[in-house]
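A short worksheet on the structure shown next.
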Amino acid sequence: MGVSALLAATALPLVSGHYVFSKLIVDGKKTNDFEYIRRNSNGYEPTLAGEILGDDFRCNKDSMAAAGSTGVYKVQPGTELGFELAFGATMKHPGPLQIYMSKAPGDVKQYDGSGDWFKVHQEGLCNDISQKGLEDTDWCTWDKNTASFKIPADTPPGQYLVRVEHIPLHRGFSGNAEFYFTCAQIEVGGNGAGKPSPTVKIPGVYKPEDENIHYNIYMHPTSYTLPGPEVWKGGAAAGGDKKGSPIPPAYTCACSA
């Protein structure tokens with residue numbers, strides 16, 4: 001590919017507003033694009049709400065084909081893990097971000113994500129919308145290019161998929177909320193004995209008609225409920241904002257990890 005063609009190709013996501021999480025960040029150190037994140041054939045294109053009930057919703061389309069050639073980053077409980085968008089893009093679409101983990105029964109390179117998933121991080125609203133109504137810049141993710149969390153201290157050892165997702169809602173009113181997601185492969189050391197909960201299946205964690213997915217941001221709503229389960233912070237129970245409670249109850253930052 002010529003230089004001009006390459007530049008045009010890399011600029012496309014910026015023009016379209018689409019993006020892909022391509023870099024794993026470990027304690028502030030960036031890895032190479034797709035070194036520890038499974039590539040997929042969807043690229044920087046979104047998955048629409050009507051497509052979230054298929055198995056591709058786990059780690060994206062054709063990602064299993066790349067699992068064997070994707071590295072496995074060895075970490076310890078307490079390590080800060082992050083994800084960065086490719087091409088210098090930022091999340092300039094309104095909506096929440098969430099990160100899930102799923103323990104592989106053995107080699108994560110052979111794991112398709114069909115087991116249990118638990119949430120370890122979420123970012124909702126950073127401003128109080130109860131009086132003024134929702135605006136794009138109220139989302140904690142607005143114009144950011146990274147998201148990060150710390151692996152809970154008592155995470156059981158083993159190999160895991162770590163799945164990041166951003167859910168832009170600018171088309172949610174028409175039932176076409178967008179999902180941008182990829183999966184990293186890691187191995188957690190230590191001797192943690194926590195019991196991650198609650199757990200969910202992917203697909204199945206959301207439905208296209210869920211009110212926080214089929215959601216109209218243009219009516220300037222005054223509350224929003226983050227989709228999915230509560231965040232597991234360690235131990236035997238989940239914590240953070242409860243599913244079903246309006247976000248934000250504490251509006252300084254409706255984020256938890």
Review point. From LEU81, LEU53, which residue is outside any loop (DSSP other than H, G, I, E, B) and either of a type outside the set (D, E, K, R) or in contact with a Cys (Cβ under 9 Å, 6 or more places away or on another chain) (or both)?
Key: LEU81
Review point. So which of GLY17, GLY54, GLY95 ends up being at pLDDT below 95, under 27 Å from GLY228 (Cα atoms) and either surrounded by 13 or more Cβ atoms within 10 Å (Cβ to Cβ) or under 18 Å from the mean Cα position of the chain (by Cα) (or both)?
Key: GLY17
Point to revise | Of all residues in region 119-131 being more than 25 Å from TYR44 (Cβ to Cβ) and out of contact with any Asp or Glu (no Cβ under 9 Å at 6 or more places or on another chain), the one that is surrounded by the fewest Cβ atoms within 10 Å (Cβ to Cβ) | key: GLN131
Check your understanding: Which one of TYR206, TYR215 is buried (at least 17 other Cβ atoms within 10 Å of the Cβ), more than 25 Å from GLN76 (Cα to Cα), touching a Gly at 6+ places or on another chain (Cβ under 6 Å) and of a type in the set (Ser, Thr, Tyr)?
Key -> TYR215
Check your understanding: Scanning for something of a type in the set (Lys, Arg) and over 26 Å from PRO221 (Cβ atoms), does region 170-191 turn up at least one residue?
Key -> no
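The values are calculated or read from the model by the stated rules, or taken from the named source; none is laboratory data. For clarity, every value in this text was computed on a predicted model and none was experimentally measured. For neighbour counting, all protein chains shown are included, and Cβ atoms are generated from backbone atoms with ideal geometry for every residue, glycine included.
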